[in-house]
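Read through the structure below, which is laid out as structure tokens, and then see the notes.
The values are calculated or read from the model by the stated rules, or taken from the named source; none is laboratory data. The shown structure was predicted, so the numbers you read here are calculated from the model rather than taken from an experiment. Glycine also receives a Cβ, built like all others from the backbone with ideal geometry; neighbour counts cover every protein chain displayed. Ligands, DNA and RNA are excluded from the accessible area calculation, which covers all protein heavy atoms including side chains. Shrake-Rupley method; radii C 1.70, N 1.55, O 1.52, S 1.80 Å.
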Amino acid sequence: VIVLYLIILQLFMVGQSKDLQTQQTTQNLKGYFWELGLLKSNNTMKAFILCAGECTRLRPYTNLKHKCLIKLYDEVKIIDVQIQSLIACGIKDIIIAVGFYGNKIIHYLNEKYLGVNFTYVENTKYKSTNCIYSMWLARKHLNEDLIFLTGDLIFEKSLIPFMIESKNKNLIYVN
């Protein structure tokens, strides 16, 4: 299972070596080719996005919506960055755990992304549980290779294709 768990924007790299420049160059090239549409993935990978929490640390911005629906610029919301990156890599099966303002998330995604196969898993106990419980509820959908995201992640477009094309069996990116 490929796991992607980012906290914000940067990648945390442990250790320095001669291969570090090569790795960074490879990542930059993959990002460049991906932006040009030259890197295509024929994977059957799925994505799992946690969007169930109550978002208390971002109040007052989350008084009326989930943090994944916070606008970044123009009409682009946090979750748009994630969904668009996944779609560009050929990932169209996306499982989303919803809870807090889940109806707004479902409505927004179903209206905007008609060609995506969303599976929604509702955590009705989001006020008293955490992400592990949401994952437990979604367990029957999480039996294949997948990219795991939380609904508040913002990352560079080149990251998803870099992970998909990686030869490593398990990956975790953390800032």
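Going down the list K67/K169; K77/K127; K92/K127; K104/K157; K92/K125; K46/K157, which pairs span over 21 Å between their C-alpha atoms?
Working: K67/K169 31 Å; K77/K127 24 Å; K92/K127 29 Å; K104/K157 25 Å; K92/K125 27 Å; K46/K157 17 Å.
As for pairs spanning more than 21 Å Cα to Cα, those are K67/K169; K77/K127; K92/K127; K104/K157; K92/K125.
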Which net charge results for the neighbourhood of Y108, defined as the other residues with beta-carbon distances under 14 angstrom from its beta-carbon, given Lys and Arg at +1 and Asp and Glu at -1? +3
Y73 versus T44: modelled label distance in nm, points set 7 Å from Cα along the beta carbon direction: 3.8
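Applying 1/(1 + (r/R0)^6) with R0 = 22 Å to the Cβ-Cβ distance of K140 and Q84, what FRET efficiency is obtained, to the nearest 0.05?
0.25
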Give the calculated FRET efficiency between K167 and F118 to the nearest 0.05, with a Förster radius of 41 Å applied to their Cβ-Cβ distance. 0.85
Accessible-area ranking of F162, F48, largest first, probe 1.4 Å: F162, F48
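What is the stretch 46-129's relative contact order, in percent, from Cα pairs under 8 angstrom and six or more apart in sequence? If you can, show how the numbers build up before the last one.
On the way: 117 pairs, mean separation 31.9, N = 84.
Value for the stretch 46-129: 38 percent.
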At Y133 and L58, where each label point lies 7 Å from the Cα along Cα→Cβ, what is the point-to-point distance in nanometres? 2.1
